[in-house]
1. Quick one: which of 378-387, 425-434, 85-94 comes out on top by average Cβ neighbours within 10 Å, and what's the full order, highest first?
2. If you stretched the chain out fully between GLN111 and ASP263, how much longer would it get, using 0.36 nm times the residue separation minus the C-alpha to C-alpha distance?
3. In whole Hz and in residue order, list the ³J(HN,Hα) couplings for the range 30-38 that follow from phi through the Karplus curve 6.51 cos²θ - 1.76 cosθ + 1.60, θ = phi - 60°; x for Gly and Pro.
4. Write down the accessible area per residue of the range 138-206 in Å², having rolled a 1.4 Å probe over the full set of protein chains.
5. Going down the list LYS211/LYS390; LYS104/LYS211; LYS153/LYS211, which pairs span over 25 Å between their C-alpha atoms?
6. Can you give me the % of accessible surface on the range 146-219 that is carbon or sulfur? Probe 1.4 Å, all protein chains present, nothing else counted.
7. If R0 is 41 Å, what FRET efficiency do you get for LEU58 and HIS353 from their C-beta distance, rounded to 0.05?
8. What nm distance separates the two modelled labels at ILE32 and ALA194, each placed 7 Å from Cα along Cα→Cβ?
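The values are calculated or read from the model by the stated rules, or taken from the named source; none is laboratory data. Model, not experiment: these values are computed from the prediction. Cβ: placed from backbone, ideal geometry, glycine included. Neighbour counts: every protein chain shown. Surface areas here come from the heavy atoms of the whole protein model, side chains and all, with no ligands, DNA or RNA. Shrake-Rupley method; radii C 1.70, N 1.55, O 1.52, S 1.80 Å.
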Amino acid sequence: MAGKSRFTKLDAFTKTVEDARIRTTSGGIVTIVSLLVVLFLSWGEWRDYRKVVIHPELVVDKGRGERMEIHLNITFPKVPCELLTLDVMDVSGEQQHGVQHGVKKIRLKPQSEGGGEIDAKVIALHAADESATHLDPSYCGPCYGAPAPYNAKKSGCCNTCEEVREAYAQASWAFGDGSTMEQCQREHYTERLAEQRHEGCRIEGGLRVNKVIGNFHIAPGRSFSNGNMHVHDLAQWWNSPVPGGHSFSHEIHSLRFGPQLPDHLTRKMGGNALWTNHHLNPLDNTKQETDDPNYNFMYFVKIVPTSYLPLGWEKQAAQNKANWEQDHSVGLGAFGYGTDGSMETHQYSVTSHKRSLAGGDDAKEGHGERLHSRGGIPGVFFSYDISPMKVVNREERAKSFLGFLAGLCAVVGGTLTVAAAVDRGLFEGTVRLKKMRNKDL
């Protein structure tokens, strides 16, 4: 007989000889059931290990010199496109008057005709064949006392109606309808403006702005700065031949700050749950009605920077950060996307306020205690503030590989332990029943 090893005394798994083992039918059934349970629970552990969950965390936003995009789609059924101006300004001192880059104005038929879009060919108010390009090359149109605009095609001249309007805006002068100006007569500006009076307008597109506190607004008339004041030429707004005048009734089809998360990510983060509206844009499909031309609407927006980091984002984190901080030359709509599927965007909350420029209170709405000041500019105003905190949604494995192995061992060991106890109980019960029957006999 072989000598015993020094480890023999440490054996915690004592064995029985084959002759001392008893195999029973109930033991075979318990074994099969336990194996099925082990397989089922092991499959659950594997699913948990392969599952990717999104872990949100709140951090301080340490970004500097960043920019963000604003994407909007707003319909004004009672204001023609020629009267609408979109302006952007922020606390850094940057102002963008009459923003058009990345923004489209789409003329809409009057509401009485269904409000459908007008053919894109007639959207442009100043057609190229009606400008000064077909005139004598030496032609230099007058600016009617105003300094020629800096962006005039011919230095020191106002050869188009648009250039006359720009010259008047830079001089802080009211323009009127242009009926006495040669360039506007040649381009039939007054006639076309009269034709558009009953139309509506949809403004859609994107802007790229500094990521600082600021505002953008849609108001009537050409805008210009007069000292420290931002002013709009409202002459055409007040002198409207439309009965009752125009009004800023509007519908916000969509408004977002940065890229929109794909639907599958929104669902993954609980976007379809009844208890959350994660990354839903609260102003989407907002509709406001008024018949008063002396009316403005104000939306106060709180923006929260938000990052989405997919699984494995660490491999290209440095490259994506450099792209987001330095590359502002990418086209509108492409800003904020990482090469690995990561995304920099923004969520927001909003409160709204509306008032008549004539002042008064909200007694008609049951709030007589609310008093409004007089004066202001009619239009739709969006003031936004940037939160110093940032939400980071990070994709992670629900369980590490070591956790998967530990769970697998727990499943196998626990199931076999319970199965052994059940089998022992069945065996003991069967033995006692046999003894009781033998006594009765």
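1. Result, highest mean first: 378-387, 85-94, 425-434.
2. Numbers: separation 152, 0.36 × 152 = 54.72 nm, distance 3.31 nm.
Contour length minus the Cα-Cα distance gives 51.4 nm.
3. 4, 5, 5, 4, 5, 5, 5, 5, 4
4. For the range 138-206, the per-residue accessible area is 45 Å².
5. Values: LYS211/LYS390 13 Å; LYS104/LYS211 23 Å; LYS153/LYS211 33 Å.
Flagged as over cut-off: LYS153/LYS211.
6. Details: 1510 of 2960 Å².
Of the solvent-accessible surface of the range 146-219, carbon and sulfur hold 51 percent.
7. Working: r = 28 Å, r/R0 = 0.70.
Once the sixth-power term is evaluated, E becomes 0.90.
8. Those two pseudo-labels are separated by 9.5 nm.
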